[in-house]
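Heads up, the thing below is written out as structure tokens.
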Amino acid sequence: MLRSVITGTGSYIPPVIKKNSDFIRRDFFTDDYRHITTSPKVLVDKFMQITGIAERRYVPADLNASDIACIAARLAITDSGIDPESLDQIILAHNFGNVIAHTIQIDCVPALASRVKQNLGIKNPDCVPYDILFGCPGWLQALTQAESFFKAGIAKKCLVIGAETLSRVLDEYDRDSMIFSDGAGACVIEYAECADGKGILSTAVQSHCVDETYYIYMGKSNQPEADPSIRYMKMRGRKVYEYAIRHVPLAMKACLDKGGVGIHELKKIFIHQANEKMDEAIVERLYNLYGAESFPANVLPMSIHWLGNSSVATIPTLYDLVRKGMVKDHELHDGDVILFASVGAGMNINAVCYRY
């Protein structure tokens, strides 16, 4: 049976570590420009209790999103053992393109995927590179898109990348800025005959674009005197949380049901590393939908504690780390059924059920 199988993975973890203690000397303001008088240390401590984030990673000034995408891509290609010239597509998920350090201007021309193709030295004109914008679920959406091209007979081998440098679009006066980080993850996915049942079993994608569209958006700095012409990434955190715990479990269940997979067959859930409490609430609600009170302790690997929320890069990075035995108490075995799931700006949701 032909299936879409991930044959190699790679990730880039930036070297610049930003600890929570680095934020205690900042002045924070609300989104209606009022100075927050609560001690920054109290804010930071509360932030960690809610999100689980102790530190996050930023890229050095000499690298951009396309650079770190290429690093992760090379590792995935090496891991898969393929010839890069055999790739049919390079799909790169991001949201802000390249943002040069110490600027706020977004650079998406040429497409970041085209830059990766050039940097990889791929000359094959039939290898088509392109970018997609889909919020934090972008990498999973790219994976779903590759699967669709396979089934349509258009491609047989794709490089799928998620890369983001959120540190360069953050408002330092907004306490939500502490959530976000930088990173890149990639995989090679191939359409191949699989007698052992490995590969993508099912997918599910949803989008809510009525009242929910601007839960994550670009806006002016929270600092009252800031230049209003410069825009930063903004988030209505409570709205995002309420949306996610309501809708994401339903999409995850739809994906499992479509794949004919029971909840007790599930070995791992690779969920977008958005917020520890939110992710746990989503997974708990998924299990509740199947009549279970809680989820198994070993089903949910997490990297948010030390990597933060790197948007499209969180899932491929975490998957790569677990595959390579770099996450304590988590490993994958042949035949394991796993579920990928994500939610983000748009608002968009997706899930992929996969047999390892």
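The values are calculated or read from the model by the stated rules, or taken from the named source; none is laboratory data. Keep in mind the model is a prediction, meaning the values are calculated, not measured. We place every Cβ from the backbone using ideal geometry, glycine too, and count neighbours over all the protein chains shown.
Just a few scattered comments:
- Any chance V299 is aliphatic (A, V, I, L, M), part of a loop (DSSP other than H, G, I, E, B) and at pLDDT 95 or above: yes
This table checks each residue for (1) free of Cβ contacts under 8 Å to residues at least 40 places away in the same chain; (2) buried (at least 22 other Cβ atoms within 10 Å of the Cβ); (3) in the same structural domain as G308 (by TED's automatic domain parsing); (4) of a type in the set (F, W, Y).
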residue	(1), (2), (3), (4)
A152	yes, no, no, no
L159	no, yes, no, no
E164	no, yes, no, no
V169	no, no, no, no
I189	no, yes, no, no
T203	no, yes, yes, no
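- Qualifying residue in segment 277-284 (condition: buried (at least 18 other Cβ atoms within 10 Å of the Cβ) and either of a type in the set (S, T, N, Q) or over 20 Å from G344 (Cβ atoms) (or both)): no
- Matching residues in segment 163-177 - criterion: being in a helix (DSSP H, G or I) and over 14 Å from L43 (Cα atoms): L166, S167, R168
- Single unsatisfied condition, G325 versus (1) farther than 19 Å from L166 by Cβ; (2) in contact (Cβ under 8 Å) with a residue 24 or more places away in the chain: (2)
- From I90, I82, residue being β-branched (V, I, T), assigned by TED's automatic domain parsing to the domain that holds K156, surrounded by fewer than 20 Cβ atoms within 10 Å (Cβ to Cβ) and not in a helix (DSSP H, G or I): I82
Here's the yes/no breakdown for (1) modelled with pLDDT of 95 or more; (2) part of a loop (DSSP other than H, G, I, E, B):
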site: R285; (1), (2): yes, no
site: E293; (1), (2): no, yes
site: W306; (1), (2): yes, no
site: H330; (1), (2): yes, yes
site: F340; (1), (2): yes, no
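- In segment 214-236, of all residues being in a loop (DSSP other than H, G, I, E, B) and hydroxyl-bearing (S, T, Y), the one that is surrounded by the most Cβ atoms within 10 Å (Cβ to Cβ) corresponds to Y215.
- Any pair with Cβ under 7 angstrom, 6 or more apart, that starts in segment 22-39 at a residue that is in contact (Cβ under 8 Å) with a residue 60 or more places away in the chain and within 21 Å of S167 (Cα to Cα) and ends at one that is in a loop (DSSP other than H, G, I, E, B) and among the aliphatic types (A, V, I, L, M): F28/I36; F29/I36; T30/I36
Condition check ((1) at negative phi; (2) in a helix (DSSP H, G or I); (3) among the aliphatic types (A, V, I, L, M)) across all residues:
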{"residue": "S4", "(1), (2), (3)": "yes, no, no"}
{"residue": "P14", "(1), (2), (3)": "yes, no, no"}
{"residue": "I17", "(1), (2), (3)": "yes, no, yes"}
{"residue": "T37", "(1), (2), (3)": "yes, no, no"}
{"residue": "I50", "(1), (2), (3)": "yes, yes, yes"}
{"residue": "I53", "(1), (2), (3)": "yes, no, yes"}
{"residue": "C70", "(1), (2), (3)": "yes, yes, no"}
{"residue": "I77", "(1), (2), (3)": "yes, yes, yes"}
{"residue": "N95", "(1), (2), (3)": "yes, no, no"}
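- One residue alone among D107, D174, D182, D126 is touching a helix residue (DSSP H, G or I) at 6+ places or on another chain (Cβ under 6 Å), charged (D, E, K, R) and not assigned by TED's automatic domain parsing to the domain that holds P316, and that residue is D182.
- N275 vs. criteria modelled with pLDDT of 95 or more and under 21 Å from K46 (Cα atoms): no
Per-residue answers, yes or no, for (1) surrounded by 12 or more Cβ atoms within 10 Å (Cβ to Cβ); (2) in the same structural domain as M233 (by TED's automatic domain parsing); (3) within 20 Å of G183 (Cβ to Cβ):
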position: I24; (1), (2), (3): yes, no, no
position: F29; (1), (2), (3): yes, no, no
position: S39; (1), (2), (3): no, no, no
position: V44; (1), (2), (3): yes, no, no
position: D67; (1), (2), (3): yes, no, yes
position: A72; (1), (2), (3): yes, no, yes
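- Looking only at residues of segment 324-340 that are under 25 Å from W306 (Cα atoms) and in contact with an Asp or Glu (Cβ under 9 Å, 6 or more places away or on another chain), we find that the one that is surrounded by the most Cβ atoms within 10 Å (Cβ to Cβ) is K324.
- Segment 245-282: number of residues that are free of Cβ contacts under 8 Å to residues at least 40 places away in the same chain and in contact with a strand residue (DSSP E or B) (Cβ under 6 Å, 6 or more places away or on another chain): 1
- Condition check for S303: within 30 Å of L75 (Cα to Cα) and small (G, A, S): yes
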